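Take a look at the structure below.
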Protein chains: 2
Amino acid sequence: MSRQRWWGWGVDGHDGPLPAEGDALLSHELGISSDRRGPPPLEALRLPRPALAPGARSALEAVAGSAWVRDDPFSRVSHAVGRSYPDLVRLRSGTLATAPDAVVEPGTAQDVLEVLRACVRLDLAVVPFGGGTSVVGGVEALRGEHTGVIALDTGRLTGLVDVDVRSGLATLRGGTFGPDVEAELGSHGLTLGHQPQSFEFSTVGGWVATRSAGQASTGYGRIDDLVQGLRLAAPAGEIATGAGPGTAAGPDLRELLVGSEGTLGVITEATLRVRPAPGATRFEAFGLPGFAAGTETLRALTQAGIAATVTRLSDEEETRVNLAMAGSARAVGALRGYLRARGLDRPCLLVLGWEGTDAAALRAHREDGVRVLRAHGAVAVGAKVGAAWARNRYRGAYVRDELLTRGVLVETLETAATWTRLLETYRAVGAALRASLSARGTPALVGCHVSHLYVTGASLYFTFLARQEAGAELEQWHAAKAAAGDAIAAVGATITHHHGVGRDHAPWLEGEVGGLGLTLLRSAKSTLDPTGIMNPGKLLDAPPLPGMPDSTA
Amino acid sequence: MSRQRWWGWGVDGHDGPLPAEGDALLSHELGISSDRRGPPPLEALRLPRPALAPGARSALEAVAGSAWVRDDPFSRVSHAVGRSYPDLVRLRSGTLATAPDAVVEPGTAQDVLEVLRACVRLDLAVVPFGGGTSVVGGVEALRGEHTGVIALDTGRLTGLVDVDVRSGLATLRGGTFGPDVEAELGSHGLTLGHQPQSFEFSTVGGWVATRSAGQASTGYGRIDDLVQGLRLAAPAGEIATGAGPGTAAGPDLRELLVGSEGTLGVITEATLRVRPAPGATRFEAFGLPGFAAGTETLRALTQAGIAATVTRLSDEEETRVNLAMAGSARAVGALRGYLRARGLDRPCLLVLGWEGTDAAALRAHREDGVRVLRAHGAVAVGAKVGAAWARNRYRGAYVRDELLTRGVLVETLETAATWTRLLETYRAVGAALRASLSARGTPALVGCHVSHLYVTGASLYFTFLARQEAGAELEQWHAAKAAAGDAIAAVGATITHHHGVGRDHAPWLEGEVGGLGLTLLRSAKSTLDPTGIMNPGKLLDAPPLPGMPDSTA
């Protein structure tokens, strides 16, 4: 069962107008008018008719139970697409070219296997659906060459299967949502520490299937680091990878299933490395003298082994835009003045979240880190700014809905690079986005942050805003997306650090893994999904992107 | 070019008689006589005749150069098997049932591809050969269903390709031996920190192909953790996996190639995570009050994030045998007395190797660790015992040759388990080994150590000694190996923590990865090696083990 409203992010009650300063910035720099255009009512949305033959429906009902096979418009629309910019544009357009013929919600891992077998027999494509938060077209209800398509919602596969506190391991069902994961673990004094932006509306299975990285990945590692074992239900059967701490028993099949994005099967369980919940946490912020210097500071921290659990450095442009959008004009004005008085005219804001087993451990770790920060010219701006970030950590996605209502193209994309190539990558992607959007007469604001540190490099996360090109919203998006993707490929960086491949990044996958690599992925798919029903058009063999001249959706 | 003597471990000059106390122990407890039976002279060794057709030889010479295709007896014997117990028994027996028809040593990664293509045309099996130190039958020159078999020695693919000090990355050719890796990196102030027991005679490509773990894996991680990217030459072409710090671009193909043990192709290059060489190191030892208590101490250390870089805890039996074998009777006697006076009648010896960027950092880390050790009843026995271990860290394998000369069955095997299942696994494997060998009238000494710590569990490394069953050495070995393997499988632990699968562990692989997992591995092999020439009989589809009733070798 989808937890999100059908047309946008999350649930109602978190929307609101932009703050005056943000509004002014959009107006002056991007030419955004005060017009508002919200989503149409659900009743007005045109959908393809459900194409499931009566026999197919009853076969699915026989496995999942009749209450768990639905084809009402809300269910279908809620499982038709994810939450990418092209998804939201199409949802708001009044017409959806694709939607699942039914939404099926099996109650057990065994029932998932049975549903998949039924779908093989019925020649129905299956889109595994956790929270539906994909921002890369990962859950779009494409049927490929099949006679129909169902969304397989994992909403009934929830909760803790097993916990081993001594070994720091917990096995959770794939459909468990983020807040429920932490509630279950919290009752044992544990935490997973995995908090992607989508935390409230995404699931364990979705995280594992897409190699997600949480906001605290610098401290806890990405989900790839946290998965010790998993169970996957595929058309060819079930596969379980071992849950031992270390092994040399040949190739690691777990890593073929992690990141498989529903194209090989459904992740029904994952055994995850968990830790004692921290006894102390502290968020705070610093101003840094520029992005180039700031990334060097982060390199020093992480290579010394003393980076904070959450570490998030905005570049000059993202800092400027975020301050404008923050509201509380007085506090922001004071902050700007404080930084300017210390020589930071174009500051880069750094948010840090420290954790420790207790206050003393946190303090010792933080002191080591702050010493490095000060040596690099960082100016402390205190815990309030950090706490404000932490309080609003999941709110950013709601602002996107308001921006769309205001006619703003708003999109994010991300990559990662070694420390040596980080700034080159940063400049190339930013330049490509600005050039693409300027060329269409819609100049862009392009901001960036680093939010996942590795010893060998870091992520880069871009947010860009421009005036929507009315009537050509998808073409405008596609041109910018393609320019950025090509720039990333040209510098040899990864096409995605944590959003996944889905439909939107598939054109660049061959460049990244090579022709033979793609053939290897196809052979794995043929083995687990011989008739190709699993999530067609994602990862491999995706149809043209929305906005391309030859795309239909 | 093999660096090792043809009949045993390493090079000459490190052999010698057992110390008197060790000799007495073997005599009293295992019934070992004073008889010595060394290896036969190379000239007396019977080998199958090289079966390469003249056309095949010239085709290989055309690619690799005529000096780099050899079929002299030394070359062939040196590349016929690895260094497992059954390998050594067969080398000493005077007859080898298998040997490569030629040893080919291509000079570049491109030439490796060309050699593989030639072997596809000629229907020759190819055994990739780094240092030949496999102790699980990983390099045995099996031809499978093919017309002949060559060993592809990576000895010319050596040295540093690239180093990126800022990002902590170094790319090394696959044939680079351990000491050369550290020498190359050392000139840049860096270290890989990967020191398996075979360090002196094993290669980067071999480490990656077998998922090796070094003696310092608790600090540096296993080779799986250190590989950021690699190039593999396969019959179907070359595959290179990305070397970025983090990615969500689908399944991780790197992890399908790491641990592939030469069955998919030849690892020609690896990009490895490297670190600044430590400014300070300190080895020391402690006596611990029992193995069960000792493993709890290690759990506490690693879960608090303060375990030493090298951490190695012997159980009571291994401690007893190692002290008897250590020589220097006076020092050992004093050590025993010192521990007994502190209540440790049956001590477990713990060797720790601390590292730090400088002496102060080491001291701070060590103080945290020692506090935990003392709280768990550990008794410091000082730096001398630790330093002696470090000095002799690569010498243990030579003792094995002397034991074989004395008619001792000596074998090691390893696994890993979660902290919760560690002691259950320890007891089950030890009991299986003792029962198997007792049943044949050759009671065993079975010792064990933990040497690789994870937050979720640890490795277990068993060494067992018994009187050889003359004329049935391989049957005796097989029975013990099978009993241990079955015990490991029954408790759900991994069949190998770091030795790899090779031929010897292949019977247990399906139990570990499942039928569908095995099918996935086979599909990867079909893709990269369509005619199945790469290292036949290893990992998948191995022939019966030496010593089995229906085995031929």
Q) Just which residue of chain B brings its Cβ nearest the axis of rotation onto chain A, and by how many angstrom, rounded whole? A) B:Glu255, 2
Q. Sorted from shortest, what are the nm distances separating the label point of B:Ser58 from equivalent points in the other copies, each placed 7 Å from Cα along Cα to C-beta?
A. 7.4
(Q) Quick check: the distance between the Cα centres of the range A:282-349 and the range A:448-507, to the nearest angstrom? (A) 23 Å
Q) How many percent of the alpha carbon pairs in the range B:284-434 exceed a separation of 24 Å? A) 38 percent
Q) Kirkwood-based Rg over Rh for the range B:20-155 (C-alpha set), two decimals? A) 1.11
Q: For the range A:1-92, evaluate the Debye formula with one uniform point scatterer on each Cα (no solvent term) and list log10 I(q)/I(0) at q = 0.13, 0.14, 0.21, 0.24 Å⁻¹, rounded to two decimals.
A: -0.63, -0.69, -1.16, -1.27
Q: For chain A, go through all pairs of different Cα atoms, get the mean of 1/r, take its inverse, and jot down that Kirkwood value in Å.
A: 24.1 Å
Q) Over chain A, what relative contact order in percent results from Cα pairs under 8 Å that are six or more residues apart? A) 17 percent
Q | Average Cα contact separation per residue, the range A:20-156, under 8 Å, 6 or more apart, as relative contact order % | A | 27 percent
Q: List the distances, in nm to one decimal, from the label point of B:Arg522 to the label points of the same position in every other copy, shortest first, placing each label point 7 Å from Cα along the Cα-to-Cβ direction.
A: 2.1
Q. Across the protein assembly as shown, how many lysine pairs, 8 or more apart or on two chains, come within less than 21 Å at their alpha-carbon atoms?
A. 5
Q) Which whole-Hz couplings ³J(HN,Hα) result when phi for each residue of the range A:505-521 is put into the Karplus expression 6.51 cos²θ - 1.76 cosθ + 1.60, θ = phi - 60°, listed in order with x for Gly and Pro? A) 9, 4, x, 9, 5, 4, x, 7, 9, x, x, 6, x, 4, 4, 4, 4
Q: Determine the calculated [θ] at 222 nm for chain A from helices alone, applying -39500 (n - 2.57) to every DSSP H run no shorter than 4 residues and normalising by the residue count; nearest 500 deg cm²/dmol.
A: -11000 deg cm²/dmol
(Q) Rounded to two decimal places and with Rh computed the Kirkwood way over Cα pairs, what is Rg over Rh for the range A:232-370? (A) 1.14
Q: Determine the sum of side-chain charges near B:Thr415: Lys and Arg each +1, Asp and Glu each -1, restricted to other residues whose C-beta is under 15 angstrom from that of B:Thr415.
A: -2
(Q) Distances in nm, one decimal, shortest first, from B:Arg440 to the same residue in every other copy, taking the label point 7 angstrom along Cα→Cβ. (A) 7.4
**Q.** Hydrodynamic radius of the range B:160-275 per Kirkwood, over alpha carbon pairs, in Å
**A.** 14.0 Å
Q) How far, in degrees from 0 to 90, does helix B:359-375 lean away from the longest principal axis of the Cα atoms of chain B, to the nearest 10? A) 60 degrees
Q) What is the fewest-to-most order of B:Thr420, B:Thr496, B:Thr210 by other Cβ atoms lying within 10 Å of their Cβ? A) B:Thr420, B:Thr496, B:Thr210
Q: Using a/c under 1.5 as the rounded threshold, could you call the range A:356-431 rounded, prolate or oblate? The axes a ≥ b ≥ c are square roots of the C-alpha gyration tensor eigenvalues, and prolate needs a/b larger than b/c, oblate otherwise.
A: oblate
Q: Two decimals is fine: what's Rg over Rh for the protein assembly as shown, C-alpha atoms, Kirkwood radius as Rh?
A: 0.99
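Here, each number is a calculation from the coordinates, and none is a lab measurement. Remember, predicted model here, so these are calculated numbers, not experimental data. Please note: Cβ atoms are built from the backbone with ideal geometry, for glycine as well, and neighbour counts cover all protein chains shown.
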